[in-house]
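Just so it is clear, none of the values below were taken in a lab; they were calculated from the coordinates. Just so it is clear, the structure is predicted and the values come from calculations on it, not from any experiment. Ideal geometry is used to build each Cβ from the backbone, glycine not excepted, and the neighbour counts take in all protein chains shown.
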Amino acid sequence: MLKKSFLAVLTLLMLTACGNKKDEMNAEEQQKIIDDGTIGFEMNGGQITKAENVPADEGKAILLAFNEYIEAFNSKDIDRYMQTLSKDPKGFDYDEEKEFTTEVFKESDVKRDAKDTTIIKYNEDEAQVHSNITLHLVQTKTNVKHESAGQQVTVLVKEDGDWKVTSVFYMDDTKSSTGK
């Protein structure tokens, strides 16, 4: 029973903490976004294409915001983490994210590792950051461990002059491993 509840928490972690708005965006709507080219899971022969139109200062600010989003989550500091998120996000409910992530932080040791981080789309109001994410999670009560890896596109928007996370799209690339 604990393992089932842990897997349910993990599934929610991947949906909620990563920012997918499950209740408000169905698979058809997600596919339309991808088809329209508004989310950058655009890979050419397995290669991620870097956006060429990113001004140097904006690129630095976007990557700093993305890194703070990852580091704040890994620090398990809910206030710091929530400061990295848009107050009016497109991909999740802000208050639900805070409530759920607080519970995840209480019930598990969790960490995200981001590698090969690349800005793949940019305009002055929105940026998309692709990264290879590995999630490491240990449920503290049972010591059940889980690790998974995938590709993530984090969509950031300018809010009061700062870049904030507004939605996240995640594609699991590997088979998950769960065990003690």
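Reported to the nearest whole Å, the Cα centre-to-centre distance from the range 158-172 to the range 52-69 is 12. Among the listed pairs LYS50/LYS145; LYS60/LYS87; LYS90/LYS141, give every one whose C-alpha distance is greater than 28 Å. Cα-Cα > 28 Å for LYS50/LYS145; LYS90/LYS141; rest within. With Cα atoms as the point set, the radius of gyration and Dmax of the range 63-114 evaluate to 10.7, 29 Å. Over all distinct Cα-Cα pairs of the range 109-171, the Kirkwood formula returns a hydrodynamic radius of 13.0 Å. With a Förster radius of 35 Å applied to the C-beta separation of THR49 and LYS145, the computed FRET efficiency comes to 0.50. Computed from label points 7 Å out along Cα-Cβ, the spacing between GLU71 and ASP162 is 1.4 nm.
Taking packing as the residue-averaged number of other Cβ atoms within 10 angstrom, the listed peptides 138-145, 156-163, 107-114 run from highest to lowest as 107-114, 156-163, 138-145. A simple count of charges around ILE133, restricted to other residues whose Cβ falls under 13 Å of its Cβ and scoring Lys, Arg +1 and Asp, Glu -1, yields -2. One quarter of the convex hull surface built on the alpha carbon atoms of the range 54-143 amounts to 6.3 nm², the projected area averaged over directions. What is the sum of charges, Lys and Arg at +1 and Asp and Glu at -1, for the other residues whose Cβ falls under 12 Å from the Cβ of LYS164? Local charge sum for LYS164: -4.
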